[in-house]
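A short worksheet on the structure shown next.
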Amino acid sequence: MFLRNCLIISALIFSNALFAEVVQIDSKQLKELMQSGVTVIDVRTPPEWQQTGIVEGSLPIMFFNSKRQPLTEQWMQQVSRIITPQDELILICRTGSRSGLIATYLTKQHQFVRVYNVQRGIREWIKQGNKTVKPN
């Protein structure tokens, strides 16, 4: 019985390592991950992108419309053309709140393995003296 329980516990511990993970990162870590080729998606709205610009190299793909309604199906269609759930992904928004919610959504509902959320978002990126570009 003891051996059986140990095997069950070991299996549970091992399987937890396979679960998805949301990792909170800062602006410095964002730069490092981008340099290693991790995809960055800016989930804000077009007026927000125009107001502050976006991180150069990021992909502006709006998740919530202007009425704050999620565009989950359309958004997932766009994202699935770019990456798979096995790829690492960085999400950024204005303050890190929306991107954090979306990161959790991706890991729980779509089994994304690792999603990075930029804490304090584009605001912190700019505050740290980093440049932005206007979206195309």
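None of the figures in this text is laboratory data; all of them are computed from the coordinates on show. These figures come from a predicted structure and were not determined experimentally. Note that we place each Cβ from the backbone using ideal geometry, even for glycine, and neighbour counts take in every protein chain shown.
Could you check the spin-label model distance between Lys28 and Gln86? Points 7 Å from the Cα along Cα→Cβ, value in nm.
3.3 nm
Relative to the longest principal axis of the C-alpha atoms of the chain, give the angle of the C-alpha long axis of helix 97-109, reported between 0 and 90° and rounded to the nearest 10°.
In the chain, helix 97-109 runs at an angle near 40 degrees to the longest axis.
Could you tell me which of the pairs Lys31/Lys131; Lys31/Lys134; Lys31/Lys127; Lys67/Lys134; Lys28/Lys108 are separated by over 20 angstrom between their Cα atoms in the structure shown?
On the way: Lys31/Lys131 11 Å; Lys31/Lys134 18 Å; Lys31/Lys127 14 Å; Lys67/Lys134 23 Å; Lys28/Lys108 27 Å.
In this structure, Lys67/Lys134; Lys28/Lys108 exceed 20 Å between Cα atoms.
Looking at the calculated P(r) for the chain, what percent of the C-alpha pair distances fall above 24 Å? Mind showing how you got there, number by number?
Details: 2965 of 9180 pairs.
Everything past 24 Å amounts to 32 percent.
Between Met76, Ser66, Val23, whose Cα lies farthest towards the positive end of the dipole of the chain when Lys and Arg beta carbons carry +1 and Asp and Glu beta carbons carry -1, centred on the Cα centre?
Ser66
Can you list which of the GluC sites (Glu not before Pro) found in region 38-132 are DSSP loop residues with at most 13 other C-beta atoms within 10 Å? Mind showing how you got there, number by number?
Numbers: sites: Glu48, Glu56, Glu73, Glu88, Glu124; in loops: Glu56.
Within region 38-132, the qualifying GluC sites (Glu not before Pro) (loop, at most 13 other Cβ atoms within 10 Å) are Glu56.
What list of ³J(HN,Hα) values in whole Hz, one per residue of region 125-136 in order, does the Karplus curve 6.51 cos²θ - 1.76 cosθ + 1.60 (θ = phi - 60°) give from phi, with Gly and Pro shown as x?
Once θ is set to phi - 60°, the couplings for region 125-136 become 4, 5, 4, 7, x, 7, 7, 10, 10, 6, x, 6 Hz.
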